[in-house]
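One structure below.
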Amino acid sequence: MSGTLVLVPTPIGNLGDISPRAAEALETADFIAAEDTRVSIKLLNHLGLKKQLVSYHEHNKVESGPHILARLLSGETCALVTDAGTPAISDPGEDLVRLCRENGVSVTAIPGPCAAITALAISGLPTGRFTFEGFLSVNKRSRREHLQSLLEETRTMIFYEAPHKLTGTLEDMQSAFGADRPICLCRELTKLHEEAVKTTLGEALRYYQDNAPRGEYVLILGGAAPKAAAVPTLEDCLQQVSVLRQQGLSLKDAVKQVSRASGIARNRLYDAALGAQD
């Protein structure tokens, strides 16, 4: 019987955010697959744990993935951790999860820290519907094409960005969405100097052109305003009445149905329909 891959979320800044369940999963796993073993060993030391760590990251996943899978298939349990946050979200763990699913290995996840959701919750922007866009490409053309594809996106958008790319990203966002689009820039989440600044793209760009960005950022960008539905004209409504009449409805019933759907006053539409028959 195969073992289980357990996705274990780790703190995104404050070590106190490790949950008892996450700590237990790390303690009971046969081994831990870590994005950066140097980072993960600090967490294990904090928890007083000694566990075998194997490296699994973007640059070795093709070689490391099958080795981890073989151990899972032999019955071992593996805890998968990323440097910070929830594994497999904008993270190479996605590929290991897919590999396990394709080979019948059980995968489970423990709820926990996620920078995207934490930033969204404190942003003050709409949270009912949102889209996670992750990291934009380092290639300027690809980055701009990505942003252009989001021009009519009405949901709140979440991006991750590195400090050395932030100004360029804000420039491209302003070009795509306009200087007045609302944005919340979040950094140092859960740490002593946590910062979440809600402003506009134009103001954010001006600030960071004069002040060097520090730390990793989560950008919460407001969506486009929904397009107003086109208001049907009287002529459009008369045409709909005519179609319904041809389908067998009486003039009264056709007018009633079109009036309800369009918002045009029933009496006005009825008089116009009678006039059109003359």
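Side notes on the structure shown:
- Only a single item in (1) more than 30 Å from SER149 (Cα to Cα); (2) assigned to a loop (DSSP other than H, G, I, E, B) is not met by ARG71, and it is number (2).
- Filter pass, TYR270 being surrounded by 16 or more Cβ atoms within 10 Å (Cβ to Cβ) and either farther than 25 Å from LEU120 by Cβ or outside the structural domain of MET157 (by TED's automatic domain parsing) (or both): yes
- Qualifying positions in the range 32-45 - in a loop (DSSP other than H, G, I, E, B) and surrounded by fewer than 17 Cβ atoms within 10 Å (Cβ to Cβ): ASP36
Residue by residue, here is whether (1) part of a loop (DSSP other than H, G, I, E, B); (2) in contact with a strand residue (DSSP E or B) (Cβ under 9 Å, 6 or more places away or on another chain); (3) farther than 30 Å from ARG38 by Cβ holds:
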position	(1), (2), (3)
LEU80	no, yes, no
ASP91	yes, yes, no
GLY104	yes, no, yes
ALA119	no, yes, no
THR127	yes, yes, yes
THR131	no, yes, yes
GLU145	no, no, yes
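Residue-by-condition table, conditions (1) over 30 Å from CYS184 (Cβ atoms); (2) touching a residue at least 40 places away in the same chain (Cβ under 8 Å):
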{"position": "LEU205", "(1), (2)": "no, no"}
{"position": "GLN209", "(1), (2)": "no, yes"}
{"position": "LEU219", "(1), (2)": "no, yes"}
{"position": "ASP236", "(1), (2)": "yes, no"}
{"position": "GLN240", "(1), (2)": "yes, no"}
{"position": "ASN267", "(1), (2)": "yes, no"}
{"position": "ASP271", "(1), (2)": "yes, no"}
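- Residue match in the range 46-60 (condition: in contact with a Gly (Cβ under 7 Å, 6 or more places away or on another chain), closer than 14 Å to LEU5 by Cα and surrounded by fewer than 18 Cβ atoms within 10 Å (Cβ to Cβ)): no
- Test result for LEU125, crowded, with 19+ Cβ neighbours inside 10 Å, touching a Cys at 6+ places or on another chain (Cβ under 9 Å), modelled with pLDDT of 95 or more and assigned by TED's automatic domain parsing to the domain that holds THR190: yes
- Scanning the range 223-264 for residues that are over 41 Å from the mean Cα position of the chain (by Cα) and of a type in the set (Gly, Ala, Ser) turns up SER242, GLY248, SER250, ALA254.
- Single residue of THR154, THR199, THR169, THR190 found to be under 24 Å from THR127 (Cα atoms), part of a helix (DSSP H, G or I) and in contact (Cβ under 8 Å) with a residue 12 or more places away in the chain: THR169
The values are calculated or read from the model by the stated rules, or taken from the named source; none is laboratory data. Every value quoted in this text rests on a predicted model; they were computed, and no experiment measured them. When we count neighbours, we look across all protein chains shown, and the Cβ atoms used for this are built from the backbone with ideal geometry, even at glycine.
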